[in-house]
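Reviewing the structure listed below.
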Amino acid sequence: MSVETQKETLGFQTEVKQLLHLMIHSLYSNKEIFLRELISNASDAVDKLRFEALAKPELLEGGAELKIRVSFDKDAKTVTLEDNGIGMSREDAVTHLGTIAKSGTADFMKHLSGDQKKDSHLIGQFGVGFYSAFIVADKVDVFSRRAGAATSEGVHWSSKGEGDFEVATVDKPERGTRIVLHLKSGEDEFADGWRLRNIIKKYSDHIALPIELPKEVAAVEGEEQPAIEWETVNRASALWTRPRTEVKDEEYQEFYKHVAHDFENPLSWSHNKVEGKLEYTSLLYVPTRAPFDLYQREAPKGLKLYVQRVFVMDQAESFLPLYLRFIKGVVDSNDLSLNVSREILQKDPIIDSMKSALTKRVLDMLEKLAKNEPEQYKGFWKNFGQVMKEGPAEDFANKEKIAGLLRFASTQGDDGEQVVGLADYLARAKEGQDKIYYLTGETYAQVKNSPHLEVFRKKGIEVLLLTDRIDEWLMSYLNDFDGKSFVDVARGDLDLGNLDSEEDKKAAEEVAKSKEGLVERLKTALGESVAEVRVSHRLTDSPAILAIGEQDLGLQMRQILEASGQKVPDSKPIFEFNPAHPLIEKLDNEQSDERFGDLSHILFDQAALAAGDSLKDPAAYVRRLNKLLVELSV
Ligand code: ADP
């Protein structure tokens with residue numbers, strides 16, 4: 001035992017304590033994954049060393065044979081993992097193994113319910129990594145030294161996985177990290193060569209560097225124990241370099257968990273080798289579940305970049321657009337230089353053409369998923385739909401393709417689930433329908449019953465119901481799909497085109513003519529509140545409705561802008577009334593100007609309420625309504 005100096009005890013960050021508690025109590029059904037997680041870290045550490053050693057070969061300290069060794073001691077009940085990767089300094093150990101740096105973690109932890117079954121699902125969004133050691137161990141010792149640091153600058157980190165950990169400075173002759181797991185009672189089954197070999201084969205076969213176990217040599221009585229011989233138990237080649245036909249689904253899945261630090265299997269993947277002017281291999285994955293920090297600006301995104309099989313960087317963001325930030329995977333290029341930097345990536349024209357090819361791959365993969373596995377695509381949409389909706393604004397070139405992947409709620413469904421694609425919509429459109437109709441609003445309940453839909457219901461025309469905050473903004477980027485333009489049914493003077501028969505149109509014109517007097521009276525009564533008054537042909541049941549001017553901001557955009565403190569341009573609605581409604585008939589026959597004014601304002605305010613807007617002067621509304629009620633009851 002070497003001398004330990006500068007020993008100190010430090011407390012774990014609160015979030016680490018919560019994670020440890022959760023892990024220890026909820027991941028009991030699949031304990032063996034601890035080995036996968038630790039091997040994954042060791043492999044990352046070796047990748048980092050290999051890369052740094054390109055510029056500084058002295059970091060290899062004469063030992064360029066990179067590997068991971070797993071050993072065990074049945075009597076001491078320990079399992080030990082050793083890698084000769086980049087290693088950790090004392091400060092590294094304190095920060096990396098004592099805190100979780102991901103932004104949003106504290107918020108995420110607040111969602112823990114204390115119900116272990118529910119929480120164990122949450123942990124899947126998080127990834128467990130190093131701390132999974134405590135699933136099987138009641139004490140973990142980590143010995144590490146940064147490559148290139150002096151032998152005396154090793155660190156010994158030790159913890160029982162409760163509130164705190166100890167660190168001390170120790171001598172460590174070999175660079176890299178050794179982790180000793182002191183198995184909990186009842187977990188000694190893991191101190192077994194056969195068991196460890198099986199776990200490694202199952203979860204870590206894809207790791208590109210050798211994982212060695214001691215060869216089982218039968219002891220001969222009376223003879224001295226022979227020196228340990230090591231044997232490689234995994235395939236030890238980079239998975240993406242193998243031909244697609246030779247890689248099993250399980251291997252793709254395990255590799256994903258390593259790359260994405262995810263706990264669950266991916267939903268889909270696409271593995272491609274490109275040859276020709278540019279040469280590269282990509283392996284892209286769609287996760288099953290969204291990570292908890294999908295909407296955090298600083299959340300990790302991007303692909304793992306390799307150049308000729310040498311790991312170069314994590315989170316290379318230049319290969320995919322932002323709206324595909326949830327895609328995980330690797331890209332291995334033959335054209336880039338090994339000392340490529342993030343700055344160079346941003347400017348390199350090679351990257352641009354790779355980016356557009358990779359973007360297309362992802363969109364193709366999603367199209368295929370939508371077509372062949374509609375149920376899975378539903379799940380995808382639930383998790384990532386909001387992010388996909390950022391697509392049309394960001395990626396003009398692929399607008400039509402992205403539009404085809406969008407899913408909406410519609411008047412054909414009854415639960416507001418976003419399942420209708422634009423192609424489905426058009427496939428079942430009415431004969432002669434050359435528009436895609438939609439309505440935006442705050443909530444599904446509100447739009448579902450909107451008076452704007454009355455004429456569509458009567459004619460049996462499907463309308464898409466858009467209630468995500470981003471929807472109105474999204475629609476401002478979508479003009480048409482498959483040659484059919486989008487029409488906001490709450491906007492402008494609704495023209496149903498061929499869907500209205502000639503007789504309908506004629507009749508409408510006649511009615512409009514006969515109500516010219518009423519229109520004028522309403523204009524005078526409503527005055528400054530409206531931009532225009534007109535006879536509606538979109539209403540069957542409601543007396544009146546407010547339409548938005550063709551060029552005006554919709555309610556949703558107005559609310560978003562107001563909430564962000566921006567000045568919203570003034571706009572007035574168009575008041576449309578239903579000439580066949582008894583209230584309107586009553587209004588038309590009203591002799592008293594005062595009554596006429598009150599009733600018109602009530603109708604106007606009600607129309608605003610039905611559209612989900614708030615009233616400018618709610619007290620006036622209540623006063624007018626009560627006045628009428630009193631008159632009614634006498
Ligand atoms: P993640 O791998 O998702 O970052 P972990 O909790 O598994 O989270 O690990 C935290 C950090 O500890 C790693 O990012 C790495 O910096 C460091 N680390 C873990 N294991 C090793 C290792 N074997 N060698 C060097 N550094 C390591």
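The values are calculated or read from the model by the stated rules, or taken from the named source; none is laboratory data. All of these numbers come straight from a predicted model, not from anything done at the bench. Every residue, glycine among them, receives a Cβ derived from its backbone with ideal geometry; neighbour counts consider all protein chains shown. Each accessible area value is taken on the protein alone, full model and side chains, heavy atoms only, with ligands, DNA and RNA left out. Shrake-Rupley method; radii C 1.70, N 1.55, O 1.52, S 1.80 Å.
Over all directions, average the projected area of the Cα convex hull of the stretch 222-293 and note it in nm². Display every interim value, and only then the final one.
Working: hull surface 37.0 nm².
If I average the Cα hull's projected area over directions, I get 9.3 nm².
With a 1.4 Å probe and all protein chains left in place, how much of the accessible area of the chain comes from carbon and sulfur atoms, in whole percent?
Working: 15140 of 30920 Å².
Carbon with sulfur: 49 percent of the solvent-accessible area.
Beyond 25 Å, what percent of the Cα pairs of the stretch 434-590 remain?
Numbers: 4160 of 12246 pairs.
Every Cα pair in the stretch 434-590 considered, those over 25 Å come to 34 percent.
Take every DSSP beta bridge with both residues inside the stretch 502-633 and express the antiparallel ones as a percent of the total, to the nearest 5. Intermediate results must be reported in sequence, preceding the final value.
Working: 4 of 8 bridges.
Roughly 50 percent of the DSSP beta bridges within the stretch 502-633 come out antiparallel.
If you average the C-alpha positions of the stretch 525-557 and of the stretch 398-467 separately, how far apart do those two centres end up, in angstrom?
Distance between centres, Cα-based: 21 Å.
Let me know the Rg and Dmax you get for the stretch 394-494 when you use only its Cα atoms, in Å.
So, for the stretch 394-494, Rg and Dmax equal 12.8, 38 Å respectively.
DSSP loop GluC sites (Glu not before Pro) in the stretch 528-604 with at most 11 other Cβ atoms within 10 Å of their Cβ, which ones?
Details: sites: Glu528, Glu532, Glu550, Glu562, Glu576, Glu585, Glu590, Glu594; in loops: Glu550, Glu590.
Passing sites in the stretch 528-604 are Glu550.
Across the Cα atoms of the chain, what radius of gyration and what greatest pairwise Cα-Cα distance (Dmax) are found, in Å?
Expressed in Å, the Cα Rg and Dmax of the chain come to 32.9, 120.
Stokes-Einstein at 20 °C, 1.002 mPa s, Kirkwood radius from Cα pairs: D for the stretch 502-633 in µm² s⁻¹?
Details: Rh = 15.9 Å.
Diffusion coefficient, whole number: 134 µm²/s.
At 222 nm, what helix-only mean residue ellipticity would the chain give, in deg cm²/dmol to the nearest 500, using -39500 (n - 2.57) for each DSSP H run of four or more?
Details: 23 runs with 240 residues, N = 634.
It lands at -11500 deg cm²/dmol.
What is the stretch 394-494's relative contact order, in percent, from Cα pairs under 8 angstrom and six or more apart in sequence?
On the way: 125 pairs, mean separation 32.5, N = 101.
Across the stretch 394-494, relative contact order equals 32 percent.
In the stretch 34-142, which trypsin sites (Lys or Arg not before Pro) fall in coil by DSSP and have 11 or fewer other Cβ atoms within 10 Å?
In loop regions of the stretch 34-142 (DSSP not H, G, I, E or B), the sparsely surrounded trypsin sites (Lys or Arg not before Pro) are Lys74.
Hey, how many Å between the Cα centroid of the stretch 152-218 and the Cα centroid of the stretch 563-634?
About 74 Å separates the Cα centre of the stretch 152-218 from the one of the stretch 563-634.
Where only protein heavy atoms count, and the probe is 1.4 Å, what is the accessible area per residue for the chain in Å²?
Values: 30920 Å² over 634 residues.
Result: 49 Å² of accessible area for each residue.
Across the stretch 240-378, how large is the tail of the calculated P(r) beyond 24 Å, expressed as a percent of all Cα pairs?
Details: 2574 of 9591 pairs.
Value for the stretch 240-378: 27 percent of Cα pairs lie more than 24 Å apart.
Using Cα positions and a limit of under 12 Å, work out the aspartates and glutamates in reach of Lys435, with same-chain residues fewer than 8 apart set aside.
In chain and number order, the partners are Glu462, Asp480, Asp482, Asp488, Asp495.
How big is the stretch 338-391 along each principal axis, measuring the range of its Cα positions in Å and listing the largest first?
In descending order, the Cα extents are 43, 20, 19 Å.
Over the stretch 122-255, how many pairs of lysines fall under 14 Å by alpha carbon, counting only those 8 or more apart in sequence or from different chains? Write down the numbers at each step before the final one.
Details: Lys139/Lys160; Lys139/Lys184; Lys160/Lys184; Lys201/Lys248; Lys202/Lys248.
For the stretch 122-255, qualifying lysine pairs total 5.
Tell me, what is a quarter of the convex hull surface for the C-alpha atoms of the stretch 31-141, in nm² with one decimal? Please report the intermediate quantities before stating the final value.
Values: hull surface 36.7 nm².
Computed as one quarter of the Cα hull surface, the answer is 9.2 nm².
Could you please put Glu251, Glu503, Glu400, Glu246 in sequence from largest to smallest accessible area, using a 1.4 Å probe? Working shown, then result.
Details: Glu251 20, Glu503 135, Glu400 85, Glu246 115 Å².
Largest accessible area first, the list is Glu503, Glu246, Glu400, Glu251.
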